[in-house]
Structures are given as structure tokens and as C-alpha cells.
1. Can P204 be described as surrounded by fewer than 20 Cβ atoms within 10 Å (Cβ to Cβ), touching an Asp or Glu at 6+ places or on another chain (Cβ under 8 Å) and under 17 Å from G136 (Cβ atoms)?
2. Looking for something closer than 27 Å to P299 by Cα, over 20 Å from the mean Cα position of the chain (by Cα), part of a loop (DSSP other than H, G, I, E, B) and not basic (K, R) - is there at least one such residue anywhere in the range 104-119?
3. Consider D173 against the criteria (1) farther than 27 Å from A31 by Cβ; (2) among the charged types (D, E, K, R); (3) crowded, with 22+ Cβ neighbours inside 10 Å: it satisfies all of them except one. Which criterion is unmet?
4. Go through A74, A78, A121 for me and flag whichever is closer than 30 Å to T312 by Cβ and of a type in the set (A, V, I, L, M).
5. With the checklist (1) part of a helix (DSSP H, G or I); (2) at pLDDT below 95 in hand, flag the one item R328 doesn't pass.
6. Just to be sure, is P36 closer than 21 Å to P299 by Cβ, in contact (Cβ under 8 Å) with a residue 12 or more places away in the chain and surrounded by fewer than 22 Cβ atoms within 10 Å (Cβ to Cβ)?
7. The conditions are (1) buried (at least 20 other Cβ atoms within 10 Å of the Cβ); (2) of a type outside the set (S, T, N, Q); (3) under 17 Å from the mean Cα position of the chain (by Cα), and A213 fails exactly one of them. Which is it?
8. Return yes or no: is R163 over 17 Å from the mean Cα position of the chain (by Cα) and modelled with pLDDT of 95 or more?
Amino acid sequence: MSDLPESATEPIFVGAQVYRASSYGSKHPLAIPRVPSVTDLGRALGWLPASRYRSSPRAKPAALRPFHTAEYIAALQAAEHSQQVSDAVRARHGLGTLSNPIHPHMFRRPATSVGGVLFGAAQIANGGVAYVPGGGTHHGMPDRANGFCYLNDPVLAIKALQRQGLNRIAYVDIDAHHCDGVEAAFQGAETVRLISVHEENRWPFTGALADTAGGSAFNLPVPRNLNDTEFELILERFLLPAVDHFQPDAVVLQCGADALLEDPLARLALSNTSHWKTVAALRGLSPRFLVLGGGGYNPWSVARCWTGVWATLCGVEIPDELPDAARRILENLTWNRRAGFLPPAHWYTSLRDEPRHGEIRDDVRDRVQQLRSRLSAAAAAPTLSA
């Protein structure tokens, strides 16, 4: 039996079988299962009935062209078909590299992610919530792959929402890595507000505090070991006011799980409760809410975090102890890049991390205050007409 509350506008979950069948390669950080684990946990916990699950369509090339070049799309398709690229294609389009390798689903998988976010955007046109954990590939550039991202589904989602006639879109990104592809797409856009919290001095080395992207972006680079207490300050004093002041018609959230303590590709120290608090707080700031996945390279931390995101969107209570069916899913996860790694016992028995509180450092306070000053100046400026 499901304990999901009844709702006239039930959140929908968009998934796909392609995530079970594809991998970037056994040595790549994205060799781990992510979306399938979240799907399976949601079903095992009774939170994902058939009425709320949707299978993602695969985006066709024409649906990619609002951002990506025709030449790049053709090169990506050709690389999947032939499983090889020339030196010229590698140099121009970034395909066949360590970060964006040749693999059998290198077009189908990201095109499915795009299809999922476009489907989600369409479903919330008149209001509602859509969750697409396979989305969030925020590094993709118009003419090249970048940072594990062959396509940029957040950009295409925002553009799709704009085509629906929505005038103001807030994009919030709490991935450990800065959303360089999204920022490049909306440089100087008055009707899109980009808000990013990311680790400083971390690839792609963009998103400085002073970087406003022509006025459209509010970037908050944070120091290593950012804790839950510091993030709560950021959430309450910066992130939520930045969204609320903008009065968006829709909010798109990229909630990469690589900002969690256990992730191998970043050095932040958040618990998954910081992500869940962000999801809960943002949901009430707009009639439309599109939630994406993103980074995350520890199979247990991703599965537990993103399943909790779905629970938060559905308004269900996350239990302290998981039932046997959910435990088995977590117990069966493997991590090829960490052979012999033994997860702590609570990664099998619970979704919730212990809070990771700590002192609030002066430089975190100072950066938040600088951004608040920018928000105050923006609030005093004339607003855009509808």
C-alpha cells in the first residue's frame, strides 16, 4: 500500500530503461547506476506507483537545435553509429575524450535525458511538478561535449518553458560544479535568472563571485568542506530571496549529488538533508517546478539523496529505517572504481544522512552578504513588464 497523499496536481517522475542498459565505460565516474536505483527504491517504498511514472521519449535532432548546432548533432549521431571519431571531430566537438568517451549509447542516452526534461516541461505548462533525475547535464556546449555532458538538457528545458509563453524562469543549481553551459546560453538574459552554489577552484573554474553573466547570474562559489549550517545560511539568506524576488513563472532546479560529503569528485561536506530542504523550500515559490538530477558519482549517496528528493516532492515522510525490499536494492549496488570499498551500515538501512553541522566561516558570510547587496540593487531597479 502506498502512503502517498492525494493531490490534484500530483508530481510525476520521468525515467527510462536506457539508463539500465548504458554506461560511459567501466572506468568512467558515470559507470555507476543512478536513475535505475532511484526508480527501484521509489517503487520498493511505495512512492512510485504507475500513475506517477512516465517513460521518457527520446528527443529527435530537431528538438536539440534550439541550442546545439546541426553539425554537432550529426557528429554525435555518427560517433554512436561508427563507435569512432576522427582527430578533427575530437578537437572540434570534444567527442572521444576521457570525459566524453565513445560508447554505444552516446547519442541515445543524452537524447533521452533531453526528451525527459522536454516532456516534464510540457507536463507542467499549466502548473505542477516534474522530476527528471536523468536530467541536469549542465556543462554541454552548443558545438561540443563538455564535462560528461554530450547535450545540455537544462538549457533546452528553459527554452521549452519560454516557448510556452512563460516570461520569467529561475534556474537554481546546487551541483558542486558550476553550470558553465547554462550560463553561456543565457548570458545577459533578462527573463532568466541563474543562481548557482558551487565549489570554488573546482572544474570548470568558472562562476566567480563577480561573474554576473551580463546581469543574469548570481554565482556563489563556496570553500571546501561546506557544511549543513553554512548551507542553511546560504539557502535562507541568499538562494530563496534570489528566487522569490524574481517572482518566476517556473523554477528549474539542478540538484547534483556531488555536493555531498561522500562524493569522490568534489570536496564539499553536505548531507542529503540540505538538498531535501532546498527542494521543499523552492517548491512553494512558483506554480511550476522542474527538478533535475546532475552530478553524483557515489552510487549509494546518489540513490539515497535523489530518492529522498522524490519523497520530498511527494510530501511523504522518509522513514528512519528502510524496509527489506529497499535495503536489498542498496545492498546490491556496486562501485567498480572503488573495488573492495565497504559502505557504512547506515547506507543500507536509511536514506537520511546525519546532519553535518559546523561553524559558519567568515568568508561564507561575506560572500552571502555581497550577493544580498546585489539582490537589493536588483530589487530597487525597474522591473520588467510582463
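The values are calculated or read from the model by the stated rules, or taken from the named source; none is laboratory data. Being a predicted model, the structure only gives us computed values, none of them experimental. Methodologically, a virtual Cβ is constructed for each residue, glycine included, from the backbone with ideal geometry; neighbour enumeration extends over all protein chains shown.
1. Yes: the conditions hold for P204.
2. The answer is yes, given that some residue of the range 104-119 is closer than 27 Å to P299 by Cα, over 20 Å from the mean Cα position of the chain (by Cα), part of a loop (DSSP other than H, G, I, E, B) and not basic (K, R).
3. D173 satisfies all of (1) farther than 27 Å from A31 by Cβ; (2) among the charged types (D, E, K, R); (3) crowded, with 22+ Cβ neighbours inside 10 Å except (1).
4. The unique qualifying residue is A121.
5. Among (1) part of a helix (DSSP H, G or I); (2) at pLDDT below 95, the lone unmet condition for R328 is (2).
6. When the stated conditions are applied, P36 passes them.
7. (3)
8. So R163 fits the description; yes.
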